[in-house]
1. Given the options Ile35, Ile143, Ile24, state which has the largest fluctuation in a GNM of the chain using a 10 Å cut-off (strictly under) for Cα springs.
2. Using 0.36 nm per residue of separation minus the Cα-Cα distance, give me the extension gain between Ile65 and Arg36 in nm, one decimal.
3. What list of ³J(HN,Hα) couplings, whole Hz, do you get for region 7-19 from phi and the Karplus terms 6.51, -1.76, 1.60, once you set θ to phi - 60° and write x for glycine and proline?
4. Compare Leu48, Leu63, Leu184 in a GNM of the chain, Cα atoms joined below 10 Å, and give the one with the largest fluctuation.
5. For the peptides 98-108, 77-87, what is the packing order when you average, over each peptide's residues, the other Cβ atoms within 10 Å and list the highest mean first?
6. Using Cβ counts within 10 Å as a stand-in for footprinting exposure, how do Leu7, Leu144 rank, fewest first?
7. Connecting C-alpha atoms closer than 10 Å in a GNM of the chain, tell me which of Val145, Val158, Val115 has the biggest fluctuation.
8. Relative contact order for the chain: what percent, with Cα pairs under 8 Å and sequence separation of 6 or more?
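Here, each number is a calculation from the coordinates, and none is a lab measurement. As the structure is a prediction and not an experimental result, all values here were calculated from the model. We place every Cβ from the backbone using ideal geometry, glycine too, and count neighbours over all the protein chains shown.
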Amino acid sequence: MMTDDNLVVIPADPNLGPAPVLAIPRCEKGIGEVIRQPGSADLIDGVLVNPFPVWPDDRGCFLEILRAGQGLAAGFPRDTTQVSYALSYPGTIKAFHYHRFQADLWIPVAGMLQVALVDLRKDSPTFGRRNTMYVGSLRPWQILVPAGVGHGYKVVGVESAALVYITSRFYDPADEGRIPHNQLRIAYDWETQHK
């Protein structure tokens with residue numbers, strides 16, 4: 001888990017107003033807790049997981065992404081919610097991103113992702129906890145990532161992966177921060193674990 005060395009506090013943009021204190025924890029090398037069930041007690045505080053149904057038939061499949069005001073995005077304001085799509089090639093790592101105010105709802109719709117989360121909220125009961133989830137076509141889960149939780153992914157397998165993500169606010173570069181995927185304090189191990 002996390003050691004108690006001095007924290008590296010992530011400075012806030014004063015133009016955003018009062019913001020929660022975020023810090024980069026010092027963790028042991030590894031991938032944290034692997035989440036295998038949506039209601040796992042090991043989830044980072046505020047992270048929610050919901051399996052979603054995919055309806056296949058002989059023509060293909062159907063998947064319902066969102067009903068406004070319902071499900072994991074129920075609290076997202078209708079006037080600032082944004083829906084986006086990302087396609088990533090096999091082996092691509094996109095990590096870590098964080099937001100002080102924006103929440104993300106991730107819906108992987110094709111391929112497989114190794115999702116990595118780390119709690120950066122200094123005052124959170126799970127500060128420094130890391131979660132790993134293997135999600136996508138073989139495990140269709142929606143993942144709600146609250147503000148202050150660092151998030152990223154690696155495309156695993158031989159297919160590209162497609163991610164639909166819904167955000168509680170319009171894109172604002174002042175609210176988005178980045179931490180290198182190989183940040184030594186977080187010490188997330190992106191190597192294949194089961195060789």
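1. Checking each option, the largest mean-square fluctuation is seen for Ile35.
2. Working: separation 29, 0.36 × 29 = 10.44 nm, distance 2.16 nm.
Gain in length upon complete extension: 8.3 nm.
3. Taking θ as phi minus 60°, the curve returns 6, 9, 7, 8, x, 9, 7, x, 5, 7, x, x, 9 Hz for region 7-19.
4. Among Leu48, Leu63, Leu184, the largest GNM mean-square fluctuation belongs to Leu63.
5. Going from most to least packed, we get 98-108, 77-87.
6. Numbers: Leu7 17, Leu144 22.
Listed from fewest to most nearby Cβ atoms, that is Leu7, Leu144.
7. Comparing Val145, Val158, Val115 in the GNM, the peak value goes to Val158.
8. Values: 447 pairs, mean separation 61.0, N = 195.
Reported relative contact order: 31 percent.
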